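This report concerns only the one structure given below.
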Amino acid sequence: MTGFGATCAQELIAELGVDMTVFPTAAHLASWARFAPRANRSAGKTKPATTGEGNPWLASTLGEITAVLARSDTCLGERHRRLSRRRGKLRAIVATGNSILTVVRHLLTDPTARYHQRLQHNLIHQLERVTGQQVTLSARVEPAAT
């Protein structure tokens, strides 16, 4: 996955462990890591709320991964840039870190799972909506050079 080097992967595994049965859902993991949004409401008024103090080593690792993703041409990079424009850099880091934790939990829960970018899938659906026809992809066979 883009943004993950060997060191970042080792740090994530060191902080989270490999047994994801401890966290029933990805939301539980994000909440434990203090990378989940909080809604602090009382009497119909929304008040400012922070995510709280979590594991500083996990937070720094997620921050490094987010910094790399912010400069990449991936769906998580685009998400970070979009949120950064609308909500600010710090909130974008927390939201992107939450998404990273969700991906990491799914990858550690199912060893056969692989992370794939959804660009191809999204483009196919866009083309189907525009044309009204079903689209299928096949591998392109390059002619042999003579």
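Coordinate-derived values only; no laboratory data. Keep in mind that this is a model prediction, so the values were computed, not measured. We place every Cβ from the backbone using ideal geometry, glycine too, and count neighbours over all the protein chains shown.
Computed quantities for the displayed model
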| item | result |
| --- | --- |
| Computed magnitude of the charge dipole of region 6-116 (debye, nearest 20; Cβ of K, R +1, Cβ of D, E -1) | 920 debye |
| Under Karplus coefficients 6.51, -1.76 and 1.60, residue-wise ³J(HN,Hα) of region 60-67 in Hz, glycine/proline x | 5, 5, 5, x, 5, 5, 5, 4 |
| Options [x] 36; [y] 68; [z] 40 - which one matches percent of Cα pairs over 27 Å apart as calculated here | [x] |
| Relative packing of 47-58, 64-75, 2-13, which averages over residues the other C-beta atoms within 10 Å, highest first | 64-75, 2-13, 47-58 |
| Karplus 3J(HN,Hα) series, Hz, for region 45-59 with 6.51 cos²θ - 1.76 cosθ + 1.60 (x for Gly, Pro) | 10, 8, 10, x, 9, 9, 6, x, 8, x, 6, x, 6, 5, 5 |
| Extreme residue, positive dipole direction of the chain, given options Val18, Ala139, Ile124 (C-beta unit charges) | Ile124 |
| Degrees, to the nearest 10: 75-87 long Cα axis against longest axis of the chain | 50 degrees |
| Mean separation of Cα contacts under 8 Å, 6 or more apart, over the residue count of region 6-116: relative contact order % | 29 percent |
